[in-house]
1. Please state the relative contact order of region 81-207 as a whole percent: Cα pairs under 8 Å, 6+ residues apart?
2. Would you kindly state how much longer the chain becomes between residue 263 and residue 401 on full extension, computed as 0.36 nm times their sequence separation minus their alpha carbon distance, in nm to one decimal?
3. Listing 705, 282, 738 from the residue with the fewest other Cβ atoms within 10 Å to the one with the most, what is the order?
4. Order of 154, 111 from fewest to most other C-beta atoms within 10 Å?
5. Just rank 275, 660, 507, fewest to most, by other beta-carbon atoms within 10 angstrom.
6. With contacts defined as alpha carbon pairs under 8 Å and 6 or more residues apart, what's the relative contact order of region 643-756 in percent?
7. If I stretch the segment between residue 683 and residue 661 completely, what's the gain in nm (0.36 nm per residue apart, minus their alpha carbon distance), one decimal?
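No value in this document is a laboratory result; all are computed from the given coordinates. Quick caveat, the model's predicted, so the values are computed rather than measured. Positions of Cβ are backbone-derived with ideal geometry, glycine not excepted, and every protein chain shown enters the neighbour counts.
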């Protein structure tokens, strides 16, 4: 009975310990993560709301501000246009028709501008986009202001000296009485009366623009001019304009949140760059955050579900693994009793033995890591020689730090049956003790040859061949075999060791001199190479000529010429010599950056093939070399070619846009490019799409033919390349703003009439 009670107690203790671990390891970190996620998501959602409101205000500004600026530009054009002067208008009725047409065209490009009226004095005609009328109708039948009668209106117009704008309810011809933003501009004229330009901007259209977006949310929108004068306010007045300006003065541009009483508001402010007008939007935070709050609840509901599910899974895992853990405990206890006697171990002895076992295991791991250090060093040196990425901390100490005035040399030795042993390594070190700063030996990393990396002071660089010769002689006596060193050129940087290794390998590959020489340098081999003219020399000459004259097409065709069988019979060393000769030609005839890129790519390919170049590898490297030359030369002159091609594209459109079969697909085929690339290229240089450019030219031609000829719509449609009359009418109305028949009715008869006069 006592044993059973003891087992129950242990089981209870087990679950208490793991319950505490569960709280510390899972519940507390997840709770912290939950709170952090909650705060972060709240800030992110609030940032999204503020960004949406700022975008809404900028959208309203983008619709209103350019229209107001455009209205000012229209007025300036009218003031400077001689066709609007009194002495010009009085010369002929045709001049009146031209002036009215010009005013109508101004209105086509401004959605807010409803009408333009020019008051030129009581004795002259009233000029507007609706036509010409006697001045006695002003203020009565024409342009009736709510505040003034006809005489008062004319008196105020005659006394206008400077720009003046105000809001008023006005009745315009053909429109019901509604509110407008009215602007008066005095014109400069030498006549008795000074004309005044009146523009009428529809406040109903301004209101429609403000309320068009869902972001308005029954908020409050205010527009002020550059002097702080109220232009328009829309929606429920959540505060006075003065309070809104006060709140907005705390920020430059953007959206801010502030509390007023118990309510939270979003205030957005934007300044019109073209007019200097100020745009304010105020909306209740609760009105725009409803959907985001719902998303937040769903998000945190999922997190809470995951936390609960994880808790249940971990509990079940602990419960199901309780029995195996108990069995493992008994097994360990029996093993320790067998090792240290049958006596029972108390808790302190158990901990001491466990620590002793752990310490022995760590000592074993340290010994194994020390055995791996030479392998790690050799692997890092191997990657350094190959020009690959390496871990600097694994390199020998003399390669980790780069000292000023040091020279680095890579030496390859002839293949030998064995490896360089410790005795030979010590021999080299003792022989060069007076001049070597560091040495590293790597056995057979390349073509079964041993490789040495030497570091020495630049003061002995002129005698290094003599000193290496003594080392080679000593190694010959010790190893009873012939030793020959193939050296690279001297390098002043660790980063150049991969190039030095490549040069040493080429020296070993190219050498064909006297057998008694013990040290063969890269410079000597390159100087003494025998040049035998053959088909590879002809190939190099062709490449060099094509680069000089800029014949890129010939360079592209050259890899195809290598299919001839006579190339495959050439020795391997000639293939490698040819690649080196090509690198020298590019360095001479191209700029430094281009030559550096191509030579670097070629060097990497040669290293990947371990310096062994057969016919297939040569052909692959030569093709890559030609492609590099073509790509880099074409990128260099891309801007000049683009400017030249753009003239061809525009000229092609001018000659073919009226043809029925004209299309972007056919045009792309004629220029041997894809339609998508041609469209992107055209928009980049012309700042409008191909379709917009072609349609604009077609509409200009259509307007000209409608005004100057009696051509029928059917013939006009065919001449412009449209497939049907309906598609032509839709395109014309979309661009011009009216149907072809209406346009001819307004402009065509007048031009024909006055042309006959």
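1. Working: 216 pairs, mean separation 29.2, N = 127.
Answer for region 81-207 is 23 percent.
2. Numbers: separation 138, 0.36 × 138 = 49.68 nm, distance 6.57 nm.
Full extension from residue 263 to residue 401 adds 43.1 nm.
3. On the way: 705 18, 282 25, 738 14.
Exposure proxy ranking, most exposed first: 738, 705, 282.
4. On the way: 154 19, 111 15.
So the ranking, lowest neighbour count to highest, is 111, 154.
5. Details: 275 19, 660 12, 507 24.
Least to most surrounded, the residues fall as 660, 275, 507.
6. Details: 79 pairs, mean separation 29.4, N = 114.
Once divided by the residue count of region 643-756, the mean separation gives 26 percent.
7. Numbers: separation 22, 0.36 × 22 = 7.92 nm, distance 2.22 nm.
So the chain would gain 5.7 nm between residue 683 and residue 661.
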